[in-house]
Each structure stands twice: as structure tokens, then as C-alpha cells.
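The structure under discussion appears below in the form of C-alpha cells.
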Amino acid sequence: MPTIEELILRERDRQTHSINLIASENFVSDYVLRCMGTVFTNKYAEGYPGKRWYGGCEFTDQVEQHAIDLAKQLFKAEHANVQPHSGTQSNLAAYMALIKPGDKVLAFKLEHGGHLSHGAAFNASGKFYKFVHYGVRREDGRIDEDEYTRLLKENPDIKLVVTGASSYPRAIDFKRLAGIAREHGALFMADVAHISGLVAAGVHQSPVDVADMVTMSTHKTIRGPRGGMVVCSAKWASKLDRAVFPGGQGGPLVHIVAAKAAMLEEALRPDFVQYQKQVIANAKAMAKAFTDIDSRKYRVLTGGTDNHMVMVDISGTGKSGIEVENLLGEQKIYVNKNFIPYDPLPVTQTSGIRVGSPLLTTLGAKEADFVQVVQLIDKAVNGENVAGEVQKFMADLSSRR
Ligand SMILES: Cc1ncc(COP(=O)(O)O)c(C=O)c1O
């Protein structure tokens with residue numbers, strides 16, 4: 001068994017020398033990384049700034065208050081809770097704050113791109129609340145607003161609507177969906193786990209003004225430590241805080257809260273907006289490159305993308321999602337197999353892959369680089385060995401920084 005130090009070095013090497021297109025991953029800055037490896041991990045701080053169950057929280061309080069203030073500023077929100085340990089924990093806290101066990105909730109279908117914390121039977125959300133789900137239209141892959149509205153009409157006991165997705169490449173019109181939810185007497189929650197960076201930078205519509213609660217992960221497009229965060233209006237502040245602690249968690253991970261503060265400082269800089277614009281431009285370049293190669297071999301769902309990801313039906317290659325994921329992985333190109341809406345294959349195989357632009361964009365990649373990446377993918381799918389070209393691509397990218 002290699003030592004943990006050795007495994008850390010190997011993992012760093014793997015990350016440095018591979019083309020990573022996993023849409024939910026990113027590379028944090030050295031500043032964010034340093035904050036995580038600090039003595040704040042030694043500190044217990046149950047409670048909130050100024051109201052703790054332990055002594056010695058004077059510096060912890062400053063760190064957490066700084067993170068809260070920056071989160072409010074970045075998302076233009078009245079209240080923020082920076083303690084959730086993950087996006088899933090953020091969602092569970094929001095449910096606990098907004099509704100009661102047994103209440104009915106409308107959310108986006110897992111098989112159409114939703115998340116397991118939106119009511120999957122095997123997740124706590126699906127065990128404690130009654131979920132009904134809307135999906136996308138078969139014809140164009142867009143959110144089916146008619147089904148969304150019909151389900152609200154047919155189920156007048158729906159207390160909460162959850163929007164947001166894991167694998168949906170198009171912009172979500174939160175204002176419109178919130179309006180429909182309100183007309184039917186339901187509360188509205190937006191889970192922006194994937195697109196939090198785009199929302200923060202103003203390159204995707206923000207749900208903050210129209211949602212009762214906005215939940216997110218902090219390690220995806222927003223480029224922070226692994227964790228979660230929730231913002232809401234002042235009206236829900238104390239219910240949310242009680243739902244996070246003591247409702248669903250004990251002591252906060254103070255070193256991670258410090259890293260979230262560092263992430264938020266970075267997200268408030270003008271170059272962050274430029275980064276998020278480039279993330280979208282690069283994803284669009286990837287979508288076009290797949291279509292240009294062969295739109296039957298690589299069917300880009302919805303015909304393109306508005307955000308950081310491209311969903312591709314790869315059944316035209318004659319391979320399943322898992323086969324493509326594995327064969328690309330052997331050449332050090334990382335993507336994930338993904339269910340596509342109305343997928344005939346089981347979840348362990350799938351007919352699709354999901355590719356994202358956030359991580360390579362952090363490394364400085366531009367549109368032309370993403371076209372090259374798609375060409376490498378095609379070569380690998382055709383059985384060519386591209387491992388050398390992958391190494392050269394990554395070396396070239398790092399030489400430009
Ligand atoms: C829409 C959505 N919500 C919540 C989560 C959960 O995030 P975490 O992995 O931080 O629990 C994800 C993760 O992919 C997601 O896509």
C-alpha cells in the first residue's frame with residue numbers, strides 16, 4: 001500500500017496530465033486550497049457568529065461572518081448560510097426549513113437530468129417527502145412547462161416546487177417557473193448547484209429575487225472547496241439557520257468555511273465574470289465541434305448549450321455511454337456516462353455522455369482548444385491511440401499560463 005503522501009502526488013499527477021471534461025469538477029486556486037489545510041479544522045463551532053456553543057470562536061466568527069457577507073453581496077441576497085457540508089445537505093436543509101415531512105413537492109425528473117436529492121426513492125428527500133416529477137419534451141429536450149403546469153393543477157396539495165438540474169444544458173427561466181408555482185400556491189426553490197458560478201457572474205438568470213430559497217454546491221462552476229451554501233430572503237433566515245444547525249448538521253467545517261470565503265473573494269473580482277463568459281463560449285464551441293464532425297454519430301441534445309455543459313447522445317457511435325467513458329478514460333480523457341431523456345439503456349450503461357468546460361477553462365483553454373479536444377475524443381472513439389496527443393495538449397496548455 002503506497003503512503004497517503006504518495007497517493008496525493010499520484011492524484012496530482014493524474015489531474016495535471018489528463019483532459020478533464022467532467023462538468024461538475026473544477027480546479028481551485030492555491031489560495032482556496034491553502035485555506036482548507038489550516039488549523040481551523042481543529043475548531044468546534046456549533047452555532048453561528050456571536051452565538052456559539054464553544055469558547056475560542058473569536059477568529060472563527062470573523063471568518064464565517066466574512067463568508068456570509070460576501071455570499072450576500074455576490075448573490076444580492078438578504079441572508080446566507082455557508083455551513084452546509086454539500087449541495088445535498090443544502091437541499092435537505094431547505095426542505096426542512098420550507099415544508100413538513102410528508103408534504104408534496106414537484107421537482108425535475110432524475111432520468112431527465114435532475115438530481116437524486118430532488119426526491120429519488122433511495123435518497124432522504126424521497127423518503128421524507130412525497131415527490132412528483134416533471135421532465136423534458138421528447139421533441140426538443142426542453143423543460144416541459146405544460147407538464148409542469150398540469151402537475152401543479154392536478155396536485156393542489158403541492159407545497160414546494162424545486163427547479164435546477166444536474167444534466168440540463170439550457171438556461172432555466174426561474175422567473176417564469178416561479179410565477180407558475182406561485183399561481184398554484186406553492187413555494188419555490190432553485191437548486192443552482194451546477195450553475196452557481198454562472199449565476200454569480202450574471203451570465204445566467206439569477207433566481208434569488210423570485211425563489212424562497214436558493215441552494216448550491218460550492219465546488220462546481222463557482223470554483224470553491226467541496227461544500228454547499230444557501231441564500232434566501234430575510235423572511236426565511238432563522239428557519240434556514242435552524243434547519244442547517246441543529247436540524248441536519250453538527251459543527252461547521254470551519255476550514256472549509258474559510259475556503260468558501262476565499263472562493264467568494266475571487267468570485268467578486270471582475271476576472272471571474274470573464275472566466276464564466278469563457279466557460280459558456282467554450283461549451284458552445286464543443287457543442288458545435290461535435291455537430292460538425294457528425295451530427296448523427298454525436299447528437300447534441302437540444303442542439304447546443306446555454307451553460308457549461310454539453311449533453312451528447314452517442315448511440316450513433318455504436319457504443320454505450322459506459323463504453324465511451326471507459327475507452328476515453330484509458331487515454332486520459334475524462335467524461336461521464338449520462339442518462340439521456342427517454343434513454344432505452346439502463347443507468348449503468350446509458351446512451352449519452354456529459355461533457356463540461358469549467359475545468360479546462362480554468363487552465364486557460366479557449367474555443368479552438370475545445371475543438372481540438374472534441375477531435376481527440378472522436379479519434380479515440382474510432383479506436384486510435386491519442387494518449388500522446390493528450391499529453392502534448394496538456395503540456396501546451398500549461399506552457400501558456
Ligand atoms: C442539481 C444538483 N443538486 C445537488 C447536487 C449535490 O451536490 P453535492 O454533490 O455537493 O451533494 C448536485 C450534484 O451534482 C446537483 O447537480
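A few notes on this one:
- Subset of the stretch 348-376 (residues that are under 20 Å from Asn326 (Cβ atoms) and in a loop (DSSP other than H, G, I, E, B)): Thr348, Gln349, Thr350, Ser351
- Cross-chain or 6+ apart pairs with Cβ under 6 Å, the stretch 281-294 first and at pLDDT 95 or above, then outside any helix (DSSP H, G or I) and not β-branched (Val, Ile, Thr): Asn282/Ser357; Ala283/His308; Ala283/Ser357; Ala287/Gly304; Phe290/Tyr298
- For the stretch 98-115, the set of residues classified as part of a loop (DSSP other than H, G, I, E, B) and either more than 10 Å from the ligand (Cβ to nearest atom) or farther than 18 Å from Gly141 by Cβ (or both) consists of Ile99, Lys100, Pro101, Gly102, Asp103, Lys109, listed by residue number.
- The residues of the stretch 45-76 that are surrounded by 19 or more Cβ atoms within 10 Å (Cβ to Cβ), in contact with a helix residue (DSSP H, G or I) (Cβ under 7 Å, 6 or more places away or on another chain) and part of a loop (DSSP other than H, G, I, E, B) amount to a single one, Ala45.
- In the condition set (1) crowded, with 24+ Cβ neighbours inside 10 Å; (2) more than 17 Å from Phe370 (Cβ to Cβ); (3) within 16 Å of the ligand (Cβ to nearest atom), Met311 is compliant with all but (2).
- Qualifying residue in the stretch 96-105 (condition: within 29 Å of Thr348 (Cα to Cα) and not assigned by TED's automatic domain parsing to the domain that holds Tyr342): yes
- Contacts under 7 angstrom Cβ, first residue in the stretch 360-372 being of a type in the set (Val, Ile, Thr), partner assigned to a helix (DSSP H, G or I) and at pLDDT 95 or above, 6 or more apart: Thr361/Tyr275; Thr361/Gln278; Thr361/Val279; Thr361/Asn282; Val371/Ala285; Val371/Ala289
- Condition broken by Val28, with the remaining ones in (1) touching a residue at least 60 places away in the same chain (Cβ under 8 Å); (2) in contact with a Pro (Cβ under 8 Å, 6 or more places away or on another chain); (3) loosely packed, with under 13 Cβ neighbours inside 10 Å satisfied: (3)
- For the stretch 116-128, a residue qualifies if it is surrounded by 21 or more Cβ atoms within 10 Å (Cβ to Cβ) and either in a loop (DSSP other than H, G, I, E, B) or not hydroxyl-bearing (Ser, Thr, Tyr) (or both), and the qualifying residues are Ser117, His118, Gly119.
The values are calculated or read from the model by the stated rules, or taken from the named source; none is laboratory data. Keep in mind that this is a model prediction, so the values were computed, not measured. Using ideal geometry, Cβ is built from the backbone for each residue, glycine included, and neighbour counts are taken over all protein chains shown.
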